[in-house]
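The values are calculated or read from the model by the stated rules, or taken from the named source; none is laboratory data. Treat the numbers as computed from the prediction; the structure is a model and nothing was measured. In this analysis, Cβ positions are derived from the backbone assuming ideal geometry, glycine residues included, and neighbour counts consider all displayed protein chains. Only protein heavy atoms, including side chains, enter the accessible area calculation; ligands, DNA and RNA are left aside. Shrake-Rupley method; radii C 1.70, N 1.55, O 1.52, S 1.80 Å.
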Amino acid sequence: MKKTLLFTLALAVSFTLGFAFNNYVVKPALHSTELKKVTGIGGIFFKCKDPKKVREWYAANLGINTNPYGSVFEWYQGSDNTQKGFSQWSPFKETTTYFKPSEKDFMINYRVADLVGLVGQLKKDGVTICDSLEVESYGKFIHIMDIEGNKIELWEPNDVEYEKMGVQMGLKTTK
């Protein structure tokens, strides 16, 4: 009887300690309130004298499938390799004002998981927000400035709709 009682007590203590460990050590790491920020490169945009010739050069010399906007690179997401992801590559006319207020010749688009949450945090941190949130079928966008005056585009993508749009337009991706 004594052995059964001790065994039951030991089992109960082990269960309680395991439960406590799981709840107070493991779960906070799994359910962290830390905001997931950048998840990848959404696109690279740069200025050039003749975007059409630049697209043609890249198509002929590097095999990139170009279209009137540049090229879309198709890849599979690391967190779920059954899900496609896309990154845009776009040469812009050197006189474009799309990069303003930045004076730089390039702009990088970063993919993010929660744009609304991230913008809220960026505002709290004093980051310059250039415009208001733009919502399209293929994702949400906003522009910010980094500490050195580089304009950055943030994109919370809807890759399913982005792919549909490209297919509807008859555009090929670069794989």
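Summary of values
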quantity: Region 131-175 - residue that is on the phi > 0 side of the Ramachandran plot and in contact (Cβ under 8 Å) with a residue 12 or more places away in the chain and, of those, least open to solvent (accessible area, probe 1.4 Å); calculated: 139
quantity: Test: residue in region 67-89 that is part of a strand (DSSP E or B), under 13 Å from the mean Cα position of the chain (by Cα), closer than 17 Å to residue 43 by Cα and of a type in the set (A, V, I, L, M); calculated: no
quantity: Any pair with Cβ under 7 angstrom, 6 or more apart, that starts in region 38-53 at a residue that is more than 20 Å from residue 141 (Cα to Cα) and ends at one that is in a strand (DSSP E or B) and modelled with pLDDT of 95 or more; calculated: 47/92; 48/91; 51/91; 51/92; 51/93
quantity: Positions within region 114-132 being aliphatic (A, V, I, L, M) and over 10 Å from residue 154 (Cα atoms), in sequence order; calculated: 116, 122, 127, 129
quantity: Restricting region 80-94 to residues that are of a type in the set (S, T, N, Q) and free of Cβ contacts under 8 Å to residues at least 40 places away in the same chain, the residue that is least open to solvent (accessible area, probe 1.4 Å); calculated: 82
quantity: Qualifying residues in region 97-107 (those that are surrounded by fewer than 16 Cβ atoms within 10 Å (Cβ to Cβ) and touching a residue at least 12 places away in the same chain (Cβ under 8 Å)) - the one nearest to the chain's Cα centre (by Cα); calculated: 106
quantity: Residues (within 14 Å of residue 167 (Cα to Cα) and not polar (S, T, N, Q)) located in region 63-77; calculated: 72, 73, 74
